[in-house]
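Scroll down for the structure; my scribbles are underneath it.
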Amino acid sequence: MGVSVNFEEFLKPGERMDELHRNQYKIIQNEKKFCFGMDAVLLSGFAKVKPDETVLDLGTGTGIVPILLEAKTEGKHFTGLEIQEESADMARRSVAMNRLQDKIDIISGDIKEASKLFGAASFDVVTSNPPYMNGNHGLTNPEFTKAVARHEILCTLEDLVREAAKILRLGGRFYMVHRPFRLVEIINTLTVYKLEPKRMKMVHPFVDKEPNMVLMECTKGGGSMMKVEAPLIVYKEQNVYTDEIYEIYGY
(Lines give C-alpha, C1' and ligand atoms only; values in the text may rest on other atoms or scores of the structure.)
Protein backbone atom coordinates (compact mmCIF):
# COMPACT_ATOMS: atom_id res chain seq x y z
CA MET A 1 0.00 0.00 0.00
CA GLY A 2 1.45 3.35 -1.09
CA VAL A 3 2.36 6.09 1.34
CA SER A 4 0.28 9.24 0.86
CA VAL A 5 2.07 12.41 -0.23
CA ASN A 6 1.36 15.87 1.15
CA PHE A 7 1.83 17.74 -2.12
CA GLU A 8 1.51 21.15 -0.49
CA GLU A 9 4.83 20.58 1.30
CA PHE A 10 6.61 20.84 -2.05
CA LEU A 11 5.24 24.30 -2.89
CA LYS A 12 6.89 27.65 -2.23
CA PRO A 13 5.04 30.99 -1.99
CA GLY A 14 3.54 32.08 -5.33
CA GLU A 15 3.64 28.56 -6.79
CA ARG A 16 0.82 26.30 -7.85
CA MET A 17 0.46 22.60 -8.59
CA ASP A 18 -1.03 21.49 -11.92
CA GLU A 19 -2.35 18.06 -12.94
CA LEU A 20 -0.65 16.40 -15.92
CA HIS A 21 -3.36 13.77 -16.58
CA ARG A 22 -0.70 11.06 -16.86
CA ASN A 23 -0.01 8.52 -14.10
CA GLN A 24 -1.52 11.00 -11.62
CA TYR A 25 1.62 13.12 -12.04
CA LYS A 26 1.63 16.77 -11.04
CA ILE A 27 3.95 19.66 -11.80
CA ILE A 28 4.94 22.79 -9.85
CA GLN A 29 4.71 26.12 -11.68
CA ASN A 30 4.80 29.85 -10.98
CA GLU A 31 2.67 31.86 -13.40
CA LYS A 32 4.66 35.02 -12.64
CA LYS A 33 7.78 33.30 -13.96
CA PHE A 34 7.08 30.88 -16.79
CA CYS A 35 4.53 28.10 -17.27
CA PHE A 36 4.81 25.37 -19.88
CA GLY A 37 2.63 25.66 -22.96
CA MET A 38 1.00 23.34 -25.44
CA ASP A 39 4.23 23.17 -27.46
CA ALA A 40 5.98 21.19 -24.72
CA VAL A 41 3.04 18.77 -24.45
CA LEU A 42 2.96 18.27 -28.23
CA LEU A 43 6.71 17.65 -28.24
CA SER A 44 6.24 14.92 -25.62
CA GLY A 45 3.59 13.33 -27.85
CA PHE A 46 5.72 13.55 -31.00
CA ALA A 47 9.00 12.23 -29.57
CA LYS A 48 9.60 8.49 -29.67
CA VAL A 49 11.61 6.86 -26.90
CA LYS A 50 12.32 3.14 -27.07
CA PRO A 51 12.81 0.80 -24.11
CA ASP A 52 16.20 1.24 -22.42
CA GLU A 53 17.00 4.52 -24.23
CA THR A 54 18.38 7.51 -22.36
CA VAL A 55 16.97 10.99 -22.98
CA LEU A 56 18.28 14.52 -22.45
CA ASP A 57 15.93 17.52 -22.57
CA LEU A 58 17.83 20.74 -23.31
CA GLY A 59 16.33 23.82 -21.64
CA THR A 60 13.90 21.75 -19.59
CA GLY A 61 12.33 24.66 -17.67
CA THR A 62 10.20 23.18 -14.90
CA GLY A 63 10.77 19.63 -16.18
CA ILE A 64 7.56 19.12 -18.12
CA VAL A 65 9.06 17.17 -21.05
CA PRO A 66 11.08 14.61 -19.01
CA ILE A 67 8.13 14.02 -16.67
CA LEU A 68 5.68 13.47 -19.54
CA LEU A 69 8.13 11.26 -21.47
CA GLU A 70 8.68 9.14 -18.37
CA ALA A 71 4.90 8.68 -18.17
CA LYS A 72 4.37 7.99 -21.88
CA THR A 73 7.39 5.84 -22.81
CA GLU A 74 9.53 2.96 -21.57
CA GLY A 75 12.77 4.95 -21.67
CA LYS A 76 15.47 3.93 -19.22
CA HIS A 77 16.41 7.35 -17.83
CA PHE A 78 15.62 11.00 -18.42
CA THR A 79 17.72 14.10 -17.74
CA GLY A 80 16.71 17.76 -17.92
CA LEU A 81 19.26 20.58 -18.32
CA GLU A 82 18.19 24.06 -17.21
CA ILE A 83 20.23 27.26 -16.85
CA GLN A 84 17.78 29.18 -14.62
CA GLU A 85 18.19 27.88 -11.09
CA GLU A 86 14.69 28.86 -9.98
CA SER A 87 13.14 26.76 -12.77
CA ALA A 88 15.54 23.89 -12.10
CA ASP A 89 14.57 23.95 -8.43
CA MET A 90 10.87 23.72 -9.32
CA ALA A 91 11.66 20.84 -11.69
CA ARG A 92 13.57 18.95 -8.98
CA ARG A 93 10.72 19.36 -6.51
CA SER A 94 8.23 18.14 -9.13
CA VAL A 95 10.40 15.09 -9.74
CA ALA A 96 10.53 14.40 -5.99
CA MET A 97 6.81 15.05 -5.57
CA ASN A 98 6.08 12.40 -8.21
CA ARG A 99 8.69 10.02 -6.71
CA LEU A 100 10.68 9.90 -9.92
CA GLN A 101 14.15 10.54 -8.50
CA ASP A 102 15.36 7.15 -9.81
CA LYS A 103 14.18 7.91 -13.35
CA ILE A 104 14.73 11.67 -13.81
CA ASP A 105 17.70 13.94 -13.02
CA ILE A 106 17.55 17.73 -13.26
CA ILE A 107 20.94 19.34 -13.89
CA SER A 108 21.69 23.06 -13.59
CA GLY A 109 23.79 24.22 -16.50
CA ASP A 110 24.14 26.01 -19.82
CA ILE A 111 23.04 24.42 -23.11
CA LYS A 112 26.17 25.91 -24.73
CA GLU A 113 28.25 23.72 -22.37
CA ALA A 114 26.08 20.60 -22.57
CA SER A 115 28.58 18.41 -24.40
CA LYS A 116 31.24 19.26 -21.80
CA LEU A 117 28.82 18.46 -18.97
CA PHE A 118 27.66 15.11 -20.32
CA GLY A 119 30.32 14.04 -22.83
CA ALA A 120 30.11 13.17 -26.50
CA ALA A 121 27.72 10.47 -27.76
CA SER A 122 26.20 10.08 -24.28
CA PHE A 123 22.44 9.98 -25.05
CA ASP A 124 20.13 8.07 -27.39
CA VAL A 125 17.54 10.86 -27.64
CA VAL A 126 17.71 14.64 -27.21
CA THR A 127 14.60 16.83 -27.01
CA SER A 128 14.16 20.59 -26.85
CA ASN A 129 11.46 23.23 -26.75
CA PRO A 130 13.87 26.14 -27.27
CA PRO A 131 13.40 29.92 -27.37
CA TYR A 132 11.71 30.72 -30.68
CA MET A 133 12.56 34.39 -31.17
CA ASN A 134 15.96 35.60 -32.29
CA GLY A 135 17.11 39.21 -32.09
CA ASN A 136 15.08 40.13 -35.16
CA HIS A 137 11.75 38.72 -34.07
CA GLY A 138 9.35 39.98 -31.41
CA LEU A 139 9.74 42.20 -28.40
CA THR A 140 11.86 41.00 -25.52
CA ASN A 141 9.70 40.29 -22.49
CA PRO A 142 10.67 42.63 -19.64
CA GLU A 143 10.44 39.75 -17.14
CA PHE A 144 13.88 38.13 -17.55
CA THR A 145 12.77 34.58 -16.69
CA LYS A 146 10.08 34.64 -19.36
CA ALA A 147 12.33 36.45 -21.82
CA VAL A 148 15.01 33.75 -21.56
CA ALA A 149 12.41 31.06 -22.31
CA ARG A 150 11.05 32.89 -25.36
CA HIS A 151 14.01 34.77 -26.86
CA GLU A 152 17.53 33.67 -27.83
CA ILE A 153 19.17 35.63 -25.04
CA LEU A 154 21.33 32.89 -23.50
CA CYS A 155 21.28 30.32 -26.31
CA THR A 156 20.90 30.48 -30.11
CA LEU A 157 19.44 27.89 -32.46
CA GLU A 158 22.97 27.04 -33.61
CA ASP A 159 24.15 26.57 -30.00
CA LEU A 160 21.29 24.14 -29.42
CA VAL A 161 21.80 22.12 -32.60
CA ARG A 162 25.58 21.99 -32.21
CA GLU A 163 25.37 20.62 -28.67
CA ALA A 164 22.57 18.17 -29.50
CA ALA A 165 24.69 16.78 -32.34
CA LYS A 166 27.70 16.31 -30.06
CA ILE A 167 25.70 14.66 -27.28
CA LEU A 168 23.83 12.17 -29.46
CA ARG A 169 25.28 8.80 -30.33
CA LEU A 170 25.45 7.94 -34.04
CA GLY A 171 21.93 7.05 -35.13
CA GLY A 172 20.44 8.88 -32.12
CA ARG A 173 17.41 11.13 -32.54
CA PHE A 174 16.81 14.82 -31.92
CA TYR A 175 13.25 16.10 -31.41
CA MET A 176 12.38 19.78 -31.44
CA VAL A 177 9.33 22.04 -31.57
CA HIS A 178 9.80 25.44 -33.18
CA ARG A 179 8.13 28.09 -35.35
CA PRO A 180 7.54 27.58 -39.10
CA PHE A 181 8.76 31.06 -40.00
CA ARG A 182 12.29 29.89 -39.15
CA LEU A 183 12.02 26.55 -40.97
CA VAL A 184 14.61 27.29 -43.68
CA GLU A 185 17.13 28.38 -41.03
CA ILE A 186 16.28 25.35 -38.89
CA ILE A 187 16.81 22.79 -41.65
CA ASN A 188 20.00 24.48 -42.85
CA THR A 189 21.44 24.48 -39.32
CA LEU A 190 20.45 20.87 -38.68
CA THR A 191 22.11 19.59 -41.84
CA VAL A 192 25.32 21.54 -41.15
CA TYR A 193 25.67 19.55 -37.91
CA LYS A 194 24.74 16.22 -39.56
CA LEU A 195 21.32 16.02 -37.88
CA GLU A 196 19.23 14.86 -40.83
CA PRO A 197 15.51 15.78 -40.69
CA LYS A 198 13.47 12.56 -40.94
CA ARG A 199 9.94 13.53 -39.81
CA MET A 200 8.12 16.85 -39.81
CA LYS A 201 4.62 17.70 -38.60
CA MET A 202 2.99 21.12 -38.88
CA VAL A 203 0.61 22.23 -36.14
CA HIS A 204 -2.34 24.44 -37.15
CA PRO A 205 -4.58 26.26 -34.64
CA PHE A 206 -7.60 25.64 -36.94
CA VAL A 207 -7.93 23.62 -40.12
CA ASP A 208 -8.16 26.79 -42.24
CA LYS A 209 -5.32 28.67 -40.52
CA GLU A 210 -1.61 28.60 -41.31
CA PRO A 211 0.64 26.56 -39.00
CA ASN A 212 2.12 28.21 -35.92
CA MET A 213 4.31 25.33 -34.75
CA VAL A 214 6.48 22.68 -36.41
CA LEU A 215 7.62 19.41 -34.86
CA MET A 216 10.87 17.89 -36.16
CA GLU A 217 12.59 14.53 -35.74
CA CYS A 218 16.22 14.27 -36.89
CA THR A 219 18.70 11.40 -36.93
CA LYS A 220 22.41 11.88 -36.33
CA GLY A 221 24.16 10.70 -39.45
CA GLY A 222 20.92 9.73 -41.17
CA GLY A 223 20.23 9.75 -44.91
CA SER A 224 18.53 12.62 -46.70
CA MET A 225 14.90 11.51 -46.81
CA MET A 226 12.17 13.24 -44.78
CA LYS A 227 8.52 12.28 -44.22
CA VAL A 228 6.09 15.18 -43.91
CA GLU A 229 3.30 13.84 -41.72
CA ALA A 230 -0.35 14.79 -41.76
CA PRO A 231 -0.86 18.12 -39.98
CA LEU A 232 -2.06 18.35 -36.39
CA ILE A 233 -5.11 20.56 -35.92
CA VAL A 234 -5.52 21.98 -32.41
CA TYR A 235 -9.13 23.24 -32.37
CA LYS A 236 -12.17 21.87 -34.20
CA GLU A 237 -14.09 24.97 -33.11
CA GLN A 238 -13.44 27.89 -30.78
CA ASN A 239 -12.21 26.60 -27.38
CA VAL A 240 -12.87 22.95 -28.34
CA TYR A 241 -9.84 20.75 -28.93
CA THR A 242 -9.70 18.07 -31.61
CA ASP A 243 -9.73 14.43 -30.51
CA GLU A 244 -6.00 14.13 -31.29
CA ILE A 245 -5.16 16.97 -28.90
CA TYR A 246 -7.28 15.43 -26.13
CA GLU A 247 -5.44 12.12 -26.68
CA ILE A 248 -2.00 13.77 -26.48
CA TYR A 249 -2.97 15.52 -23.24
CA GLY A 250 -4.41 12.31 -21.81
CA TYR A 251 -7.89 13.66 -21.10
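The values are calculated or read from the model by the stated rules, or taken from the named source; none is laboratory data. This structure is a prediction, so every number in the text was calculated from the model and none was measured. When we count neighbours, we look across all protein chains shown, and the Cβ atoms used for this are built from the backbone with ideal geometry, even at glycine.
Entry remark, the range 176-229: residues being farther than 29 Å from V240 by Cβ and aromatic (F, W, Y) number 1 in total. Residues in the range 95-113 that are assigned to a loop (DSSP other than H, G, I, E, B) and surrounded by fewer than 20 Cβ atoms within 10 Å (Cβ to Cβ): R99, L100, Q101, D102, K103, G109, D110. Only a single item in (1) of a type in the set (D, E, K, R); (2) surrounded by fewer than 15 Cβ atoms within 10 Å (Cβ to Cβ); (3) not in a helix (DSSP H, G or I) is not met by D57, and it is number (2). Could we say that D52 is touching a strand residue (DSSP E or B) at 6+ places or on another chain (Cβ under 9 Å), surrounded by fewer than 20 Cβ atoms within 10 Å (Cβ to Cβ), assigned to a loop (DSSP other than H, G, I, E, B) and among the acidic types (D, E) here? So D52 passes the test.
The set of residues in the range 50-88 that are on the phi > 0 side of the Ramachandran plot, in contact with a Lys or Arg (Cβ under 8 Å, 6 or more places away or on another chain) and among the small types (G, A, S) contains only G63. Pairs are defined by a Cβ separation below 8 Å, a sequence spacing of at least 6 or placement on different chains, a first member in the range 110-128 that is farther than 16 Å from E196 by Cα, and a second member that is of a type in the set (V, I, T) and in a loop (DSSP other than H, G, I, E, B); the pairs so defined are D110/I83; I111/I83. Residues in the range 22-35 that are at pLDDT below 90 and either of a type in the set (K, R) or surrounded by 16 or more Cβ atoms within 10 Å (Cβ to Cβ) (or both): K32, K33, F34, C35. Restricting the range 119-133 to residues that are farther than 20 Å from L69 by Cβ and surrounded by 14 or more Cβ atoms within 10 Å (Cβ to Cβ) leaves a set whose member that is modelled with the lowest pLDDT is M133.
Scoring L170 on the criteria (1) in contact with a Gly (Cβ under 9 Å, 6 or more places away or on another chain); (2) buried (at least 16 other Cβ atoms within 10 Å of the Cβ); (3) among the hydrophobic types (A, V, I, L, M, F, W, C); (4) at pLDDT 50 or above leaves a single failure, condition (2). Before we move on, is T145 of a type in the set (V, I, T), at pLDDT below 95 and more than 18 Å from the chain's Cα centre (by Cα)? So T145 does not fit the description; no.
Residues in the range 99-108 that are in contact with a Phe, Trp or Tyr (Cβ under 9 Å, 6 or more places away or on another chain) and not basic (K, R): L100, I104, D105, I107. Figure legend. Inter-residue proximity from the range 92-103: first residues closer than 12 Å to L68 by Cβ and at pLDDT 95 or above, second residues surrounded by 15 or more Cβ atoms within 10 Å (Cβ to Cβ) and of a type in the set (G, A, S), beta-carbon distance below 8 Å, spacing 6+ or different chains. Indicated pairs: S94/G63.
Going through (1) surrounded by fewer than 14 Cβ atoms within 10 Å (Cβ to Cβ); (2) at pLDDT below 95; (3) over 30 Å from E244 (Cβ atoms); (4) in contact with a strand residue (DSSP E or B) (Cβ under 7 Å, 6 or more places away or on another chain) one by one, N136 falls short only on (4). F78 satisfies every condition listed in (1) surrounded by 16 or more Cβ atoms within 10 Å (Cβ to Cβ); (2) in a loop (DSSP other than H, G, I, E, B); (3) within 13 Å of the chain's Cα centre (by Cα) except (2). Summed over the range 13-28, the residues that are outside any strand (DSSP E or B), under 14 Å from T62 (Cα atoms) and out of contact with any Ser or Thr (no Cβ under 9 Å at 6 or more places or on another chain) give a count of 2. Would you confirm whether or not the range 5-12 contains a residue that is in contact (Cβ under 8 Å) with a residue 60 or more places away in the chain and in a helix (DSSP H, G or I)? Checked the range 5-12: at least one residue is in contact (Cβ under 8 Å) with a residue 60 or more places away in the chain and in a helix (DSSP H, G or I).
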